[in-house]
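Here is the structure we will look at.
The values are calculated or read from the model by the stated rules, or taken from the named source; none is laboratory data. These numbers were taken from a predicted model, which means no experiment stands behind them. Areas reflect the complete protein model, heavy atoms only, side chains present, ligands, DNA and RNA absent. Shrake-Rupley method; radii C 1.70, N 1.55, O 1.52, S 1.80 Å.
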Amino acid sequence: VGATADPFALASTELKLLADSIRQDLIGTDHPVLNQAASYFFDSAVTDGGKKVRPMMVLLLSRALAESASYENNSNSISNSRNPDNSLLSDPLHWQRPDLPAAQRRLAEISEMIHTASLFHDDVIDGSDTRRGAPAVHMVFGNKMAILAGDYLLARASICLARLRHVEVVETMSTIIEHLVRGEVMQLRGTVAANNNNNNNNSNERLLYYLRKNFYKTGSLMANSCKSAALLGDYSPAHVQAAYRFGKHVGMAFQLVDDVLDFEGSLSQLGKPALADLRAGLATAPVLLAAEECPALEPLMDRKFKEDGDVDRAVELVAATSGMERTKEMARVHAEIAMDAILEQLHPSEHRDALVHLANKVVARTK
Ligand code: FPP
Ligand code: MG
């Protein structure tokens, strides 16, 4: 893999245009407050717009798939260079829809709109005051408007999705919304009840429940957005599957790292308060894995860290185990599965390599 393929540099021009384009998508309402609230995170005066990992994955993957296909079509050399505006999206091949670049760019926007809608709702549910280093949308516009702005974003995303005129992509992207809701409900309901006396089984069940929840909350959006990028380009089932696996495992790694950062990070670094999970009563991978070595964590998890000193005690106990290190190791394994998925299916190209680096950066990130 080429060492210099930097996903952020390669995607930066395209991603800068993304927020503007989404703001244009949202102008359908004649209600100025609804419009302002929905556009809140797409306003450069408010935030830097976040990491934009999801659209970055869609755009880089779209280009990597195109480069791989053109490699096959042109006797093993990359020749998809008719790309005058230096955009991440290449000209379609003869068997692809002529508007493929525009459709994939739309898809990148749709994935960011769905993600942002879920954050509007999530910050209301979690009562979180800050997001991306700025006040959360409900702190500025109130809970009711935050919920409605999230709904409005979803509605506009649905219209954009329908306009792609690809039924399987509509189905795939709609599944994400179902999964986000399912993941959030799983998190609200908490872990599986301790239904037997076997500690090993119990901790294993808790971990499986947590990982399934992570897939619904984070993995599905990345997996199905990447899959949709491949579907739009009419790529082979093996490529569609590779795209899905790449997105899924980057997503799983991303969430594991998020849960590590909740322990290690600080408000100034993350743009949101640290230890939020423990304070919300949630046991994430560092605690779940620590509990395998340190059963004293079990009663704390059962009472959702609600008694005085529980949060501090949990932090101490986790630090005395290999919980954090094992969580990071798990994230690395997922990132490697993601890399393998595309390295096995796609021919070498700068954008394929940028995706490999992106999977690495997800694991190494500090915010
Ligand atoms: C962030 O999790 C939240 C999500 C990834 C998904 C939230 C989903 C919903 C609220 C369901 C409704 C969905 C839609 C599409 C409107 P977190 O609280 O663990 O992370 P955080 O620390 O960044 O808040
Ligand atoms: Mg939250």
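Work out, in µm²/s and without decimals, the Stokes-Einstein translational diffusion coefficient of the stretch 78-185 at 20 °C, 1.002 mPa s, Rh from Kirkwood over C-alpha pairs.
135
Under a GNM of the chain (C-alpha, springs under 10 Å), which listed residue has the highest mean-square fluctuation: 331, 69, 243?
The residue with the greatest mean-square fluctuation here is 69.
How big is D, in µm² s⁻¹, for the chain by Stokes-Einstein at 37 °C and 0.692 mPa s if Rh is the Kirkwood radius over C-alpha pairs?
Here the translational diffusion coefficient equals 154 µm²/s.
Over the chain, with a Gaussian network built from C-alpha contacts below 10 Å, which listed residue (148, 355, 346) shows the highest mean-square fluctuation?
Comparing 148, 355, 346 in a Gaussian network model of the chain, the most mobile one is 148.
When ligands, DNA and RNA are left out and all protein chains stay put, how many square angstrom of accessible area per residue does the stretch 220-316 have with a 1.4 Å probe?
Per-residue accessible area for the stretch 220-316 comes out at 37 Å².
Could you state the angle between the C-alpha long axis of helix 7-25 and the longest principal axis of the C-alpha atoms of the chain, as a value from 0 to 90 degrees rounded to the nearest 10?
The angle comes out near 90 degrees.
Give me the lysines in straight-line cross-link reach of residue 248: C-alpha distance below 16 Å, same-chain residues under 8 apart excluded.
Counting by Cα, and skipping residues close in sequence, residue 248 has these lysines nearby: 213, 217, 227, 361.
If you line up the long axis of helix 237-264 against the longest principal axis of the chain, both from Cα atoms, how many degrees apart are they, to the nearest 10?
So the inclination is approximately 40 degrees.
Just want to confirm a number: the relative contact order over the stretch 112-151, from Cα pairs under 8 angstrom separated by 6+ residues, in percent.
Computed over the stretch 112-151, the figure is 47 percent.
Give me Rg over Rh for the stretch 221-367, both radii from the alpha carbons and Rh done the Kirkwood way, two decimal places.
Rounded to two decimals, Rg/Rh equals 1.09.
Taking a cut-off of 20 Å, what percent of all Cα-Cα pairs in the stretch 210-290 are separated by more than that?
Cα-Cα pairs in the stretch 210-290 separated by more than 20 Å: 43 percent.
Of 51, 227, 248, which is the most mobile in a GNM of the chain whose springs link Cα atoms less than 10 angstrom apart?
Taking springs between Cα atoms under 10 Å, the residue moving most is 51.
Kindly express, to the nearest 10 degrees and within the range 0 to 90, the angle between helix 100-126's C-alpha long axis and the longest C-alpha principal axis of the chain.
The two axes meet at around 20 degrees.
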